[in-house]
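Student: Below is one structure. I have some questions about it.
The values are calculated or read from the model by the stated rules, or taken from the named source; none is laboratory data. All values derive from a computational prediction rather than experimental measurement. Reconstructed Cβ throughout: ideal geometry from the backbone, glycine too, with neighbour counts over all protein chains shown. Please note that ligands, DNA and RNA were not included when accessible areas were found on the heavy atoms of the full protein model with its side chains. Shrake-Rupley method; radii C 1.70, N 1.55, O 1.52, S 1.80 Å.
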Amino acid sequence: MSEQTREYPVGESPELPAPNHQPGAVKWVMENLFSSIPNGIVTILGLAFLYMVIPPFIQWAFIDSVVLGAESRQECNAINPDGACWAFIYRRWDQFVYGFYPADERWRVNISFILVAIIVAIALVERLRAIKGIIWVALALVVACIILIVGFFGLERVPTNKFGGFMLTLIIGLTGIFASLPIGIVLALSRLSTLPIFSIFATIFIEFIRGVPLITLLFIASTLLSYFLPPGTNFDLLVRVLIMVTLFSAAYLAEVIRGGLAAIPRGQYEAADALGLSYWKSMRLVILPQALKISIPGIVSSFIGLFKDTTLVLIIGLLDPLGIGQAAIADVKWIALSNELYVFIAIFFFIFCFSMSRYSLYLERKLHTGH
Amino acid sequence: MSEEKNAIEIKKMHKWYGDFHVLRDIDLTVKKGEIIVVCGPSGSGKSTLIRCINRLEEHQQGDIIVDGIELTNDVKKIDEVRREVGMCFQHFNLFPHLTILENCTLAPIWVRGTPKVEAEEIAMNFLEKVKIPEQAAKYPGQLSGGQQQRVAIARSLCMMPRIMLFDEPTSALDPEMIKEVLDVMTDLAKDGMTMIVVTHEMGFAKQVADRVIFMDVGQIIEENTPHEFFDNPQNERTKLFLSQILH
């Protein structure tokens with residue numbers, strides 16, 4: 001009987017093409033959206049919800065909105081009372097971007113931004129050969145700070161309390177990200193060190209920083225710290241904030257990286273030892289490249305968190321976009337335009353955070369070596 | 001001068017894991033160019049013994065002298081010994097993030113300071129010797145187990161070691177891949193390398209070894225030429241072990 005049912009002689013079954021798995025659109029809809037009655041109900045409810053939300057938003061944000069030709073909220077209302085008053089953002093654009101940086105000097109911000117953007121882009125695309133990339137970006141950031149602050153060649157010296165807006169967000173965010181990665185790596189290695197001094201110090205540091213809200217640390221930076229420092233030291237507030245944000249992020253990163261290190265099989269350490277690599281060389285060449293690769297999703301989510309947390313600086317009086325925005329909607333001319341403000345800021349943050357998340361996926365794919 | 005001929009000398013060596021006495025009173029001298037096969041039931045301490053030779057494990061009593069260098073806590077001496085002693089592991093332990101060629105050139109470049117071009121030339125030579133030069137640009141994850149183990153051997157050889165340690169090199173391999181690895185090891189033995197091999201491949205022991213060592217509960221129970229060891233075992237435990245593995 002088995003001979004009758006055999007399609008091909010033993011050992012001569014030919015290679016056949018896989019069955020075609022490309023159903024038409026209707027079939028796809030039936031299989032994925034209406035495969036059962038409950039599924040169909042959920043699909044319809046979902047569509048109804050989207051219909052209720054999206055067209056009105058588009059109507060508000062695009063069709064009825066006012067961008068040009070209005071100098072105040074009243075003029076916006078006069079043109080179209082139902083739409084978004086983007087004229088508010090348009091008129092205040094410079095402040096959102098540069099804060100209170102002197103208008104004539106804003107080209108310095110632009111140059112710094114372009115410089116940092118180019119270096120970061122090179123570092124990211126050329127592949128994050130961690131150490132080299134970080135050194136280059138750090139250099140770029142230092143040069144950018146010099147351009148921004150120091151008055152050279154007859155340029156005006158700009159104090160950091162004039163910094164604000166997206167420029168401030170990017171300064172805090174980028175510095176935090178690139179400074180906390182090496183510190184986080186060192187903390188993670190110290191915590192795993194067999195020398196008790198290192199592991200105890202790292203553990204205390206990490207647990208303390210993680211156990212305290214960032215906002216508290218920022219308050220310490222802005223007020224308490226001046227009590228501890230010798231009287232008369234004038235330590236720039238922005239620098240203090242940068243240090244706190246960096247340490248905060250480093251503590252979280254250290255734990256993420258420690259997780260990555262724990263996932264590396266012991267055999268990797270042993271193979272590196274057996275080849276005669278010293279501790280630092282085996283870390284740098286063998287262990288960290290693998291541990292950091294595993295930790296990419298966690299590291300990037302830490303970075304995204306850090307980037308969004310930069311908005312907390314408004315509480316200690318630094319004017320990030322939220323701070324600028326809140327001041328702006330207190331202005332009689334643009335009073336209470338909070339919808340426009342928050343939608344605008346949300347879009348800004350979304351663009352940056354979403355890019356980071358896509359970059360992390362790209363990096364994971366790029367570093368995948370089939371193991 | 002007679003001491004010069006000894007590659008490894010182990011004298012009255014003891015090791016404990018916590019309170020557990022894993023290696024007891026080990027005495028072993030390996031001459032240059034000698035091939036030693038270590039066998040014994042699992043948990044008998046054979047892997048631990050060879051891991052003490054390159055200080056992946058620390059011994060607590062007795063002396064280990066490798067190539068004239070005594071192993072102590074001195075990191076410099078440990079590094080010196082590790083440069084001269086290559087090791088192959090049961091699970092290959094290739095570096096998955098590096099290509100086959102990079103795996104082979106990493107240590108020569110970073111430990112010996114060999115220029116990259118030269119290191120790559122040496123690596124290609126050894127990859128040819130283990131018969132997989134065509135895989136040089138691939139990553140370990142793309143190779144079969146047998147190929148990975150051969151790369152691991154080539155990686156060790158690139159450091160030009162005087163002694164090679166093998167820790168159950170074929171135990172994790174599919175049966176049809178064992179032979180290709182054993183062939184490479186046999187070639188290496190013919191070239192005069194000093195080798196200590198922990199293995200259950202008794203065919204290899206009979207054919208290649210100068211001496212076979214049988215270990216049980218942390219001690220060397222019997223030590224003999226392969227011929228005597230297999231045909232005329234002295235100790236009861238050796239007889240029992242051989243009857244169990246030689247079906």
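Student: Can you say what percent of the DSSP beta bridges in the protein assembly as shown, counting only those with both residues inside, are antiparallel? Round to 5.
Tutor: Counting DSSP beta bridges with both partners in the protein assembly as shown, the antiparallel share is about 50 percent.
Student: Only loop residues by DSSP count here, and only those with at most 11 other Cβ atoms within 10 Å; note down the trypsin sites (Lys or Arg not before Pro) in region B:90-189 that meet that. Please report the intermediate quantities before stating the final value.
Tutor: Numbers: sites: B:R112, B:K116, B:K129, B:K131, B:K138, B:R150, B:R155, B:R162, B:K179; in loops: B:K131, B:K138, B:R162.
Those that pass, being in a loop and sparsely packed, number zero.
Student: Same structure, new question: For helix B:175-190, report the angle its Cα long axis makes with the longest principal axis of the Cα atoms of chain B; keep it between 0 and 90° and round to the nearest 10°.
Tutor: Result, in degrees: 90.
Student: Taking R0 as 30 Å, what FRET efficiency do you get between A:I197 and B:E134 from their Cβ-Cβ distance, rounded to the nearest 0.05? Could you put the intermediate results ahead of the total?
Tutor: Numbers: r = 50 Å, r/R0 = 1.66.
Given R0 = 30 Å and the Cβ-Cβ separation, E is 0.05.
Student: Go through region A:240-276 and flag every residue whose accessible area shrinks by 40 Å² or more with all protein chains in place compared to the isolated chain (probe 1.4 Å).
Tutor: By number: A:Q268, A:E270, A:A271, A:D273, A:A274, A:L275, A:G276.
Student: Given the whole protein assembly as supplied and a 1.4 Å probe, what does the accessible area of A:S13 come to in Å², nearest 10?
Tutor: We get 90 Å² for A:S13.
Student: Using a simple spin-label model with points 7 Å from Cα along the Cα→Cβ vector, what separation in nm is obtained for B:H227 and B:H21?
Tutor: So the label points at B:H227 and B:H21 sit 3.7 nm apart.
Student: Oh, and also: Calculate the mean, over all residues of peptide B:105-112, of how many other protein chain Cβ atoms lie within 10 angstrom of the residue's Cβ. It would help to have the intermediate numbers written out before the result.
Tutor: Details: counts 0, 7, 9, 1, 1, 9, 5, 1.
Average neighbour count from other chains, rounded to a whole number: 4.
Student: Report in % the part of the accessible area of the protein assembly as shown that belongs to carbon and sulfur, leaving out ligands and nucleic acids; probe 1.4 Å. Before the final figure, lay out the partial values.
Tutor: Working: 19740 of 32120 Å².
The value for the protein assembly as shown is 61 percent carbon and sulfur by accessible area.
Student: Oh, and also: Using label points projected 7 Å from each Cα along Cα→Cβ, tell me how many nm separate A:N39 and A:F219, to one decimal.
Tutor: With each label placed 7 Å out from Cα toward Cβ, I get 5.3 nm.
Student: Let me ask you something else. Restricting to chain B, what percent of DSSP beta bridges are antiparallel, rounded to 5?
Tutor: Working: 20 of 37 bridges.
Roughly 55 percent of the beta bridges in chain B run antiparallel, per DSSP.
Student: Follow-up. So if R0 is 35 Å, what FRET efficiency would B:K12 and B:D191 give, r being the distance between their Cβ atoms, rounded to the nearest 0.05?
Tutor: After rounding, the FRET efficiency stands at 0.60.
Student: Could you work out, residue by residue across B:91-102, how many beta carbons of other chains sit within 10 Å of that residue's beta carbon, and then give the average as an integer?
Tutor: Whole-number average of other-chain Cβ neighbours for B:91-102 is 5.
Student: Which order do B:M193, B:M185, B:M124 take when ranked by solvent-accessible area (1.4 Å probe, heavy atoms of all protein chains), largest first?
Tutor: Numbers: B:M193 30, B:M185 0, B:M124 55 Å².
Most to least solvent-accessible, the answer reads B:M124, B:M193, B:M185.
Student: Oh, and also: Hey, which aspartates and glutamates would be in cross-link range of B:K138, C-alpha to C-alpha under 12 Å, not counting anything within fewer than 8 residues on its own chain?
Tutor: In chain and number order, the partners are B:E102.
Student: Also, quick follow-up: Determine the gain in length on full extension of the stretch A:D236-A:N77; use 0.36 nm per residue of separation and subtract their C-alpha separation, reporting nm with one decimal. Spell out each step's value before the answer.
Tutor: On the way: separation 159, 0.36 × 159 = 57.24 nm, distance 4.31 nm.
Length gained between A:D236 and A:N77: 52.9 nm.
Student: Still on this structure, I have one more. How big is the accessible area of B:H91 in square angstrom, nearest 10, if you roll a 1.4 angstrom probe over the protein chains?
Tutor: It works out to around 120 Å².
Student: Need the list of aspartates and glutamates near B:K239 for cross-linking: C-alpha distance under 17 angstrom, and skip anything on the same chain fewer than eight residues off.
Tutor: Here the aspartates and glutamates satisfying the reach criterion relative to B:K239 are B:E201, B:D216, B:E222, B:E223, B:E228, B:D231.
Student: Now, a different point. How many Å² of accessible area per residue for chain B, probe 1.4 Å?
Tutor: Values: 10910 Å² over 247 residues.
Accessible area per residue: 44 Å².
Student: If ligands, DNA and RNA are left out, what is the accessible area of A:L139 with a 1.4 Å probe, given in Å² to the nearest 10?
Tutor: Estimated to the nearest 10 Å², A:L139 gives 100 Å².
Student: Separate question: Using the Cα gyration tensor of region B:139-247, with a ≥ b ≥ c the square roots of its eigenvalues, what is the shape: rounded (a/c below 1.5), prolate (a/b larger than b/c) or oblate (neither)? Before the final figure, lay out each step's value.
Tutor: Details: a/c = 2.26, a/b = 1.68, b/c = 1.34.
Prolate shape, in that a/c is at least 1.5 and a/b is the bigger ratio.
Student: What's the total accessible area buried between chains A and B, using a 1.4 Å probe, rounded to the nearest 100 Å²?
Tutor: It comes to approximately 2000 Å² buried between A and B.
Student: Cα-Cα over 20 Å: which of B:K46/B:K190; B:K77/B:K190; A:K293/A:K366?
Tutor: Details: B:K46/B:K190 24 Å; B:K77/B:K190 29 Å; A:K293/A:K366 10 Å.
Over 20 Å apart, Cα to Cα: B:K46/B:K190; B:K77/B:K190.
Student: Quick one: ranking B:F204, A:F113 by accessible area, 1.4 Å probe, largest first, what do you get?
Tutor: Working: B:F204 10, A:F113 115 Å².
Ranked list, largest accessible area first: A:F113, B:F204.
Student: From the protein chains alone at 1.4 Å, what is the descending order of accessible area for A:L195, B:L56, largest first? Please report the intermediate quantities before stating the final value.
Tutor: On the way: A:L195 95, B:L56 30 Å².
Ranking A:L195, B:L56 by accessible area, largest first, yields A:L195, B:L56.
Student: Could you work out how far helix B:145-157 tilts from the main Cα principal axis of chain B, as a 0 to 90 degree angle to the nearest 10?
Tutor: 90 degrees
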